[in-house]
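S.K.: Take a look at the following structure, please.
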Amino acid sequence: MLSLSAVAQTGLLASELTSSERQASANHKQAQRSQQRIDKMDDVTREMRAEYLGTERMSDVTEAYNRQIRLLVESQERELADLNAQLQSIEETDQAVLPMLSRMVETLRKFVVADLPFLTEERQKRLDKLNDLLLRADVSVAEKYRQILEAYMVEVRYGRTFEAYSGRLHQEGNSRQVNFLRLGRTALYYQTLGGQESGLWLQAQKRWQILTEKQNLALRKAMQIAQQQQIPSLIDLPLPALESRS
C-alpha cells in the first residue's frame, strides 16, 4: 500500500504535469499565432514586393514612353522649323514673282491694244480676268502663273489660225453686226450680213478700207472655206502689207 506521502507526491506530480501540459499547449498556440503572423507578414511582404516590381516595371515603361515622346517632339520641332523656313522662302519668292506676273499681264494688255482689232471683247474679258486674278489671295502664285501663260498661248495660237466669226463692227460712232475673217495676224476683214459690203483693216492707219466688188466676192468665198462650207482653194485677197507699198 502506498503511503500518504507517496500519494501526495503522486498527486503533486500529476498536478505539475497537467500545468506543464497547459503551458505547453499555451506555448503551442502562441507559436501558431506567431507563425500565422509571420505567414501573414510574409504574404504582405510578397505583395509589397510584387507591387514594387510592378511599379518599377511601370516606371521603366513610363520612362521609355517619355523618351519616345521627347524624340517625337524634337522631330516635330525640326519639321516645324523646316516648314517655317520653307514658308519664309515661299513668301520671299512670291514677293519677287508677283511683280513679274503683273508686268506679264501689262505686257499682254499692250500687245492686245497694238494688235489687229479682232475678238476685242473676248480678249478684253480675258485681260480683266487676269487682273482680278492677281488680286486674289486664295489663288496660289503657281496657279496665277499658269493662267497667265495660258492667256499668252491663246494669243500665240491666233497667229497660226484662220477664223471666221460674227461680231459687232464699231465704225464712225455706229455699231452693226457683221461677219469677220481673220488670217492669223496678217489681215482682218469684215463683211456685212447680206454680203454687199466688205472691208480690210489697215493697221498702220487704224481704219477700214472698203473692198471692191471682186474682192468682196473673194472674201465671201474665203469665209465659206473658213466655215467649212467649201473645200479649200486659192483665193485672191488684198493684204495690208501690199496696200502699204502701193
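S.K.: Within the stretch 221-232, does at least one residue satisfy the condition of being more than 19 Å from Leu116 (Cβ to Cβ), modelled with pLDDT under 95 and basic (Lys, Arg)?
M.R.: yes
S.K.: Ok, one more. Go through the stretch 182-219 and give me each residue that's in contact with a Gly (Cβ under 7 Å, 6 or more places away or on another chain) and under 21 Å from Arg160 (Cα atoms).
M.R.: Gly184, Arg185, Tyr189, Tyr190
S.K.: So which of Asp128, Asp138 ends up being in a helix (DSSP H, G or I), open to solvent by 40 Å² or more (accessible area, probe 1.4 Å) and more than 30 Å from Pro232 (Cβ to Cβ)?
M.R.: The match here is Asp128.
S.K.: So, in the stretch 168-205, of the ones that are of a type in the set (D, E, K, R) and over 47 Å from the mean Cα position of the chain (by Cα), which residue ends up least open to solvent (accessible area, probe 1.4 Å)?
M.R.: It comes out as Glu197.
S.K.: State whether one or more residues within the stretch 186-198 are farther than 23 Å from Leu237 by Cβ and in contact with a helix residue (DSSP H, G or I) (Cβ under 7 Å, 6 or more places away or on another chain).
M.R.: no
S.K.: Identify, please: which residue in the stretch 141-167 is farther than 20 Å from Ala96 by Cβ and among the polar types (S, T, N, Q) and is, among those, most open to solvent (accessible area, probe 1.4 Å)?
M.R.: Out of the qualifying residues, it is Ser166.
S.K.: Search the stretch 95-125 for residues being more than 30 Å from Ser166 (Cα to Cα) and open to solvent by 40 Å² or more (accessible area, probe 1.4 Å), and hand back the single one that is farthest from the chain's Cα centre (by Cα).
M.R.: Only one residue tops the list, namely Arg103.
The values are calculated or read from the model by the stated rules, or taken from the named source; none is laboratory data. This one's a predicted model, so the numbers in the text were calculated from it and none came from an experiment. Here Cβ is always computed from backbone atoms with ideal geometry, including for glycine, and neighbour counts include all displayed protein chains. Side chains included, ligands, DNA and RNA excluded: accessible areas come from the protein's heavy atoms. Shrake-Rupley method; radii C 1.70, N 1.55, O 1.52, S 1.80 Å.
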